[in-house]
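Taking it in order: structure first as structure tokens, then the write-up.
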């Protein structure tokens, strides 16, 4: 991503933040976001319910440790993310709530959540969850790979560029 100094100042001066649902985000996603944040001087909040180690010398990066328990990180992100922010999460119910509030969200494979696609993604998630609950073996997602990494980086670049045009 190449941004002019004026574009970098715009991102830095705005309340724009990148949020990472860090408990489940792949290491590659965190690294891509942290590199972009350092280069563009963006605030990043990594929210997790377990300690996470990420080597960084960027004072704009905040690690937020929430109490353990189901959806505690999600609750924190919902309470603090604002319109214009960008959240990286694989959690479809979290993304649904954020998008309904006007917060942009993408998954670690680079797919942006939209009001038009969330109902289908939620239905699929709920169906698979019910099948697992009934004892059926349902395999999880494919392992994170180079293509996923590339698609995520491309989507992040596109969304950051959109944010600059505001």
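The C-beta contact set for the range 38-49 (first residue in contact (Cβ under 8 Å) with a residue 12 or more places away in the chain and on the phi > 0 side of the Ramachandran plot, second residue surrounded by fewer than 23 Cβ atoms within 10 Å (Cβ to Cβ) and assigned to a helix (DSSP H, G or I), distance under 7 angstrom, 6+ apart or interchain) comprises 41/8; 41/12.
Conditions (1) surrounded by 15 or more Cβ atoms within 10 Å (Cβ to Cβ); (2) at pLDDT 95 or above, marked per residue:
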{"position": "39", "(1), (2)": "no, no"}
{"position": "43", "(1), (2)": "yes, no"}
{"position": "59", "(1), (2)": "no, no"}
{"position": "72", "(1), (2)": "yes, no"}
{"position": "87", "(1), (2)": "yes, yes"}
{"position": "98", "(1), (2)": "yes, yes"}
{"position": "102", "(1), (2)": "no, no"}
{"position": "109", "(1), (2)": "yes, yes"}
{"position": "119", "(1), (2)": "no, no"}
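Residues that are assigned to a loop (DSSP other than H, G, I, E, B) and under 13 Å from the mean Cα position of the chain (by Cα) within the range 48-83 comprise just one, 81. Which of the residues that make up the range 141-164 are in contact with a helix residue (DSSP H, G or I) (Cβ under 9 Å, 6 or more places away or on another chain) and part of a loop (DSSP other than H, G, I, E, B)? 142, 144, listed by residue number.
The condition of being at pLDDT 95 or above and surrounded by 11 or more Cβ atoms within 10 Å (Cβ to Cβ) does not hold for residue 131. Just checking, does the range 113-122 include any residue being in contact (Cβ under 8 Å) with a residue 60 or more places away in the chain and in a loop (DSSP other than H, G, I, E, B)? No, the conditions are met nowhere in the range 113-122.
The values are calculated or read from the model by the stated rules, or taken from the named source; none is laboratory data. Being a predicted model, the structure only gives us computed values, none of them experimental. With ideal geometry, Cβ positions are generated from the backbone for all residues, glycine too; neighbour counts draw on all protein chains shown.
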